Amino acid sequence: MPLSEALLPLTQDPGFWTGQISDSDDLPPQLRVSFPVVDGYALVLDIELPSGDRTLGLRRPVSSEPVQLGWAPASGPYPAALHWWELESFARVIALDDPLLPHPGLVVALLSPFAPATADDDVTAISAVREAAYRSLRREVPAVAPSGPEQAPLPLFTDERWWPAPQALSPQVLDEAAVAALSAPAWASLQVRAGGRFPHDDLIDLVRRSAVRMNRLPEQDCYPQTRSLARRIADSGDLTLVPALLAALTEAGCDHPTVLDALSEPLVPLEACWMVETLAGVEPGTLLRHHV
């Protein structure tokens with residue numbers, strides 16, 4: 001799913017993530033981001049601009065308009081429209097089918113406010129996944145112009161303090177303080193799942209179909225040949241074996257871009273974790289718990 005020309009610059013603006021969207025004549029009145037999940041289901045995020053108010057919906061198969069899951073102003077509070085484990089399951093399936101949306105990444109960053117923590121959740125693991133998602137946000141930055149005199153200066157002025165280099169802009173969209181603030185999951189407060197209009201049956205069906213999609217992968221194509229090694233990594237927590245798993249997959253003929261990218265250098269531990277867990281056929285979080 002290529003990002004729209006209007007959404008991409010917004011996701012590279014820190015204010016978009018902190019609820020401080022700047023008003024601009026260039027902004028459309030509304031943005032719609034659709035994340036196809038599986039079998040015709042999609043998560044749909046509508047963003048009103050410049051207010052930043054957001055509506056999360058679920059589009060069903062053979063349906064053109066989504067059913068609302070929850071609404072929130074830009075700065076929250078956000079409703080508990082999804083359980084965290086539901087969102088992470090959907091994000092994994094989305095990543096499998098769209099190499100441009102690795103997990104954890106933009107899907108988690110955009111939708112995790114709608115999946116606050118509950119007393120049954122592992123808050124440490126949620127925070128780690130959210131942090132990885134917000135850290136994955138990157139932007140292109142111009143090269144720093146060379147500093148210094150155009151000609152050789154007098155000996156008195158050769159010290160670098162006379163020619164300070166301009167500060168380089170970080171490719172990371174959010175600074176450390178913003179990442180820390182956004183990574184901490186809010187606790188569920190606004191309950192919307194008890195409403196009669198909430199699409200319980202459709203969400204249950206999507207959860208079931210997503211689980212089938214993930215559980216089927218390790219049994220397909222070349223993956224059974226590498227399952228024992230993936231299981232060894234998942235059980236031990238030893239990510240130093242990931243290059244061996246990548247080599248084994250490549251030798252077995254794997255050419256799935258999401259699978260290969262998640263296990264390639266530079267290794268992002270949480271991205272590698274979900275892929276190893278998937279290939280090993282173990283419960284999500286089995287490997288992650290070793291690294292948070």
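Of note:
- Residue tally, condition in contact with a Leu (Cβ under 8 Å, 6 or more places away or on another chain) and either of a type in the set (S, T, N, Q) or at positive phi (or both), over the range 229-272: 4
- Verdict on Gly15 being over 18 Å from Phe114 (Cβ atoms) and either assigned to a helix (DSSP H, G or I) or free of Cβ contacts under 8 Å to residues at least 60 places away in the same chain (or both): yes
For (1) farther than 24 Å from Met275 by Cβ; (2) within 15 Å of the chain's Cα centre (by Cα); (3) at pLDDT 90 or above; (4) polar (S, T, N, Q), each residue gets a yes or a no:
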{"residue": "Asp39", "(1), (2), (3), (4)": "no, no, yes, no"}
{"residue": "Pro50", "(1), (2), (3), (4)": "yes, no, no, no"}
{"residue": "Leu87", "(1), (2), (3), (4)": "no, yes, yes, no"}
{"residue": "His103", "(1), (2), (3), (4)": "no, yes, yes, no"}
{"residue": "Val107", "(1), (2), (3), (4)": "no, yes, yes, no"}
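- Only residues that are more than 14 Å from Leu110 (Cβ to Cβ) and surrounded by 10 or more Cβ atoms within 10 Å (Cβ to Cβ) were counted across the range 25-34, and they come to 3.
- Looking only at the range 212-233, and only at residues there that are over 21 Å from Gly105 (Cβ atoms) and hydrophobic (A, V, I, L, M, F, W, C), the one that is most open to solvent (accessible area, probe 1.4 Å): Val212
- Single condition Ser236 does not satisfy, out of (1) within 23 Å of the chain's Cα centre (by Cα); (2) open to solvent by 40 Å² or more (accessible area, probe 1.4 Å): (1)
- Helices (runs of 4 or more DSSP H) contained in the range 213-292 and holding at least 3 residues farther than 16 Å from Ala95 by Cβ: 227-236, 242-251
- Enumeration of residues in the range 197-211 that are in a loop (DSSP other than H, G, I, E, B) and open to solvent by less than 70 Å² (accessible area, probe 1.4 Å): Phe198, Pro199
- Of all residues in the range 46-98 being among the aliphatic types (A, V, I, L, M) and closer than 12 Å to Pro116 by Cβ, the one that is surrounded by the most Cβ atoms within 10 Å (Cβ to Cβ): Ala81
- Looking across Ala252, Ala247, Ala280, one residue alone is of a type in the set (Gly, Ala, Ser) and buried (at least 19 other Cβ atoms within 10 Å of the Cβ). It is Ala280.
The values are calculated or read from the model by the stated rules, or taken from the named source; none is laboratory data. Note that the coordinates shown come from a computational prediction; the quantities given were computed from them, not determined experimentally. For neighbour counting, all protein chains shown are included, and Cβ atoms are generated from backbone atoms with ideal geometry for every residue, glycine included. SASA here: full protein model, heavy atoms, side chains in, ligands and nucleic acids out. Shrake-Rupley method; radii C 1.70, N 1.55, O 1.52, S 1.80 Å.
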